[in-house]
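Remarks on the structure that follows.
Values in this text are rule-based calculations from the coordinates and carry no lab data. This structure is a prediction, so every number in the text was calculated from the model and none was measured. Every residue, glycine as well, gets a Cβ built from its backbone with ideal geometry; the counts of neighbours run over all protein chains shown.
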Amino acid sequence: MRDEVVETVRQYIIDTYLPGEDPRALGPSTELISSGILDSLATLDLVSYLEGRFNIELDAHEVDTASLGTLDRIAQLVETKLDAG
Amino acid sequence: MLAGLDLFGVLLDLGLLLLIIYQFQLVSRSFFHVTLLASVGFAINARLPLRFRLHFFATLSVASLAVAFGFVNGAWLLVLGGGLLAICHLPITFPWKVGALLLAGLVLAALRAGVLAVPWSPSIWPILGSMFMFRLALYMHALRHEKVQPTLARGLGYFFMLPNVCFPLFPVVDYATFTRTHYEGDAAATYRTGISWMLRGLVHLILYRLVYLHLVVDPSDIADLGTLAQHILSTFLLYLRVSGEFHLVVGMLYLYGFRLPETHRLYYLASSFTDFWRRINIYWKDFMMKLVYYPSFFQMRRYGATRALVFSTIIVFLATWLLHSYQWFWLRGDFPVTVEDGLFWVILGGLVVVNALREARRGRDRLRGRSRWSGALAVRTVATFLVLCVLWSLWSAESASQWLWLWTAAARFDAADVLVIGLFLAAGLAIAGRNWNAPSLGGANRVASIMPPVLRTRVALAALVLAGTPQLVEPISSRGAALIASVQEPRMNERDRVLEHRGYYERMDNVARLSSQVWQTVATRPDDWVPLTETAAWRVRDDFLRADLAPSTRITFYQAPLQVNAWGMRDREITLEKAPGVYRIALLGPSFIMGAGVGDDGTIDHFLEERLHRESGDSIRFEVLNFGINNYSLTQQVVMLEERVMPFAPDVVVVADNATMHRRAVSHMLAVLYAGLPLPDPELTALIEATGAHQLGHQGRPIPFEIGRRLARRFELPARMPWNEAHARLRLVGDDLVGWSMRRLAATARQGGATPVFALMDIVGEGDMRAVPAMKVAGNAGFTVLDIRDAYAGHDLKSLQVAEWDRHPNEAGTRVLADRLFAELARRDMLPLAARPASGSETHTALED
């Protein structure tokens, strides 16, 4: 499940914010926010995408580097939400 | 654990960093000591097992309190901060903890405002504030939402974080990031990044010094488009101080394994306002996003994403405005809410909203990975920079009307102004066209370098150490060596020197606008170091003089006795009538003539008279009369000489002033005009009326610009000129005011049979010997002109000033001035001495012997 989430979100980020980049270069632990790939607006777009794609609901305090900073952390968050739901 | 060679390399770099901090006296003296502590601590920390490192960091952070503040005040800081930390962990529910923290905050705020006397030094307030005013909110947020278990080491390390003790302005580090990033990733790479960012910080701080000392233009000196552009540019560049300090702080934290976000990344190259907001102070941005923006957005998003975005962004900027004033309160003790702050944050917020909406609709144009030069990007980046420069100048202005008036100078320009501005713009476009910050996964956008990063950093550090040794630069370029030497000590620029000794007639309370240098000086003054204007020796008058010394008073001023005689002079009692055979010298001038901070036997007249009697073998009786009054301007000296000095029949009249005499003349005239007082001379009246500044004294509301006042009068609303507009108009005739004063002073002295002498001198300093136009004016008016600004050169300057926080000459400094004045007068055969010294320099040497 986690790999599937990582792959789905990786593709979304490459298509939306890094077109032309090699998807393999975006690893599960690549920093998305501190590296500037995701800014505040992009992070909010990602939140909308995750909520729509996985049918989950995020809270305001979850929109930070600790939860959305890497593909790994995003997958973990999604998994937790799906398990709780 | 770090390999021996890597550890040695980092320690070598730290040694070079310490040398640079020492050479350039950067940040503060305590910062050097704290960096030394951090360097020694690094060598130990890097060798410790990982599980002990956070405890070691917390211990070192607490130890830094004592290093910076001494044991007693360091302990107070620990107790106060420890108390706040303890409240966070009380066994009560979360809302009660928040309530208890608010209550504790209110008590501390009351103490900060001076409601009660406190047993600790006031100097710990800004640091206590910077440690807790924002981080407490993030800590409580983490306690509520994060899974990380708080420990004592985490808490102490987070709040007392090394090197916070040296920086009142400190990045708002997020607690969750602080704990999560500790030794996340390769340690050696983390240390190398830390060194590189600390180097960047030092470069920013040295550039800041260059801008502060050599580029800043005071608003009162803006005369044309060139000086206006220089003022606006330098105001924005002064922010280098903050970015430099933040780089130093974050770099030092990297040495202890905290991989915090990069701050202030190429912020002068932001290509839009949202881009600027994201780059500049990323810690503040993240703090606002976490506690304000995202909660607001999530609350509002049911009304649509666009509305939520606009609403949340507006809330963020309003909160930033308010929290800046809150921050100011803890740092400086006042809570400024000014029109200029409001305009700045509202306009910047508005620009960010517009940008954010554009990005939300069209997507952010990142020019991903593009390394080619782009004209569109260049224009956008330069335009953003220019708008930010303009906004920054508004933020830094004393008032909005003063800022508006500055722009009238843009109408005066010549070809040189246009050429220089054009060259700057061209250079800006060339640099800004490259996308320096495009996010890239493969690092393809990085600038190619022939050296590996570690070596590059080390070479740069070594180059800075060499450049910081003027003796090595001197054989290559003496001008370069002088420039480097000029930025190697923390000193005030000309504008701040004026602010430091602001006159009584400065009506505006612009403490919040004081620069850091002035503020640091003011903040260290003891409570009894009050201006003369607040003492019994100061007498306000309702005439052209505006104020003078109250006759027959005896006070303590700057911790020294000050006696005013029956004639209103800072002198012993004397008779008006000059006894036969007496040679009288009258001294007129501001504080360094009156004697600020020296006793009655330590004034310049006392030492000069003593010297004259010694050199003449007591064959002639000399009387040196002190007519000096704090902050007196040349325009005031005109009336002083005519009404008070000449009745004493002096043989020589020495009028002393410094290079900023035109500023004080303007300020005095403003006070006279504001009070609606008559001017003492038709020539002066014509000069003032030609500027229109006499409208300052009209009845009515202050309304800017002639057109505004005309409009007001049309609606029968009485209107006068605002203070700042009158100031701006008068400053254009500052030199004319000096010229009028010089002519009147010289003529009055000669008519009374005295020889007029003008002495250019100052309070303790290196002595800036650049030409001052007033010297030529004084010579043309008939003065014998003495330039003794370099009187203190060759002495240990600190030993000549009355206090660490006040550069008025003490008794030793005043004696230096008196001896130099004597030497210059003697050299020009202006003294009836039997045996004269051959030259000033010989006299000087003899004195030192």
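Per-residue ellipticity at 222 nm computed for the protein assembly as shown from its helices equals -17500 deg cm²/dmol, with DSSP H segments shorter than 4 residues left out and the rest contributing -39,500 (n - 2.57). Listing B:668, B:606, B:141 from fewest to most neighbouring C-beta atoms within 10 Å gives B:141, B:606, B:668.
Compared with the dominant Cα axis of chain B, that is its longest principal axis, helix B:415-432 is turned about 20°. Computed from the C-beta positions of residue B:790 and residue B:479 and an R0 of 25 Å, the FRET efficiency is 0.85 to the nearest 0.05.
Give me the distance in nm between label points sitting 7 Å out from Cα along the Cα-to-Cβ direction at residue B:614 and residue B:149, one decimal. Taking the two extended label points, one gets 7.6 nm.
At most 10 other Cβ atoms within 10 Å and a DSSP loop assignment: could you name the GluC sites (Glu not before Pro) in chain A that fit?
Numbers: sites: A:4, A:7, A:21, A:31, A:51, A:57, A:62, A:79; in loops: A:21, A:31, A:57.
Filter output for chain A: empty list.
Under the shape rule built on the C-alpha gyration tensor, where the axes satisfy a ≥ b ≥ c, region B:234-378 is rounded, since a/c falls short of 1.5. Solvent-free Debye calculation, one equal scatterer per alpha-carbon of the protein assembly as shown: log10 I(q)/I(0) at 0.05 Å⁻¹ equals -0.36.
In this structure the amide hydrogen of residue B:759, modeled in the peptide plane, comes within under 5 Å of the amide hydrogens of B:655, B:656, B:657, B:786, none closer than 5 places in sequence on its chain. For region B:163-293, averaging the sequence separation of C-alpha pairs within contact (under 8 Å, six or more residues apart) and dividing by the residue count gives a relative contact order of 35 percent. Between 0 and 90 degrees, the angle of helix B:604-616 with respect to the longest Cα principal axis of chain B falls at about 50 degrees.
The relative contact order of chain B, computed from alpha carbon pairs under 8 Å that lie at least 6 residues apart in sequence, is 9 percent.
Once you have the Kirkwood Rh of region B:307-356 from its Cα pairs, apply Stokes-Einstein at 10 °C and 1.306 mPa s and quote D in µm²/s.
On the way: Rh = 11.4 Å.
Translational diffusion coefficient: 140 µm²/s.
Distance between the modelled labels on residue B:419 and residue B:559, one decimal in nanometres: 5.4 nm (7 Å Cα→Cβ projection). Going toward the positive end of the dipole of the protein assembly as shown, with +1 on Lys and Arg Cβ and -1 on Asp and Glu Cβ, which of B:403, B:758, B:785 do you reach last? The listed residue farthest towards the positive side: B:403. So, R0 is 25 Å and r is the distance between the beta-carbons of residue A:2 and residue B:362; what FRET efficiency does that work out to, to 0.05? Using R0 = 25 Å, I get an efficiency of 0.15.
For region B:747-837, relative contact order (Cα pairs under 8 Å, six or more residues apart, normalised by length) works out to 25 percent. Charge dipole (Cα centre; +1 on Lys/Arg Cβ, -1 on Asp/Glu Cβ; no other charges) of chain B amounts to roughly 4660 debye. Along the axis of the charge dipole computed for chain B (Cβ charges of +1 for Lys and Arg, -1 for Asp and Glu, origin at the Cα centre), the listed residues B:649, B:682, B:274 are led at the positive end by B:274. Across the options B:613, B:319, B:63, the greatest Cα extent toward the positive end of the charge dipole of chain B (unit charges at beta carbon of Lys, Arg, Asp, Glu) belongs to B:319. When the Cα atoms of region A:1-70 are aligned to their principal axes, the ranges along those axes come out at 31, 26, 19 Å in descending order.
Electrostatic tally near residue B:649: other residues with Cβ closer than 15 Å to its Cβ, Lys and Arg +1, Asp and Glu -1, net 0. Nothing charged except the Cβ atoms of Lys and Arg (+1) and of Asp and Glu (-1): what's the magnitude of the dipole of region B:239-316 about its Cα centre? Round to the nearest 20 debye. Value, rounded to 20: 280 debye. Computed from Cα positions, the angle between helix A:2-17 and the longest principal axis of chain A comes to roughly 50 degrees. The phi-based Karplus calculation (6.51 cos²θ - 1.76 cosθ + 1.60; θ = phi - 60°) puts the 3J(HN,Hα) values of region B:190-197 at 4, 4, 5, 4, x, 4, 5, 6 Hz, whole numbers, x for Gly and Pro. Once you order the gyration tensor axes a ≥ b ≥ c over the Cα atoms, which shape class does region B:95-250 get: rounded for a/c under 1.5, otherwise prolate or oblate by comparing a/b with b/c? Since a/c reaches 1.5 but b/c is at least a/b, the shape of region B:95-250 is classed as oblate. Overall, the protein assembly as shown carries a charge dipole of about 2380 debye about its Cα centre when +1 sits on the Cβ of Lys and Arg and -1 on the Cβ of Asp and Glu, all other atoms neutral. Gain on full extension, evaluated as 0.36 nm per residue between residue B:44 and residue B:459 minus their Cα-Cα distance, stands at 146.9 nm. Residues whose amide H lies under 5 Å from that of residue B:583, counting only those 5 or more places away or on a different chain, are B:621, B:622, B:623; hydrogens are built 1.01 Å from N in the peptide plane.
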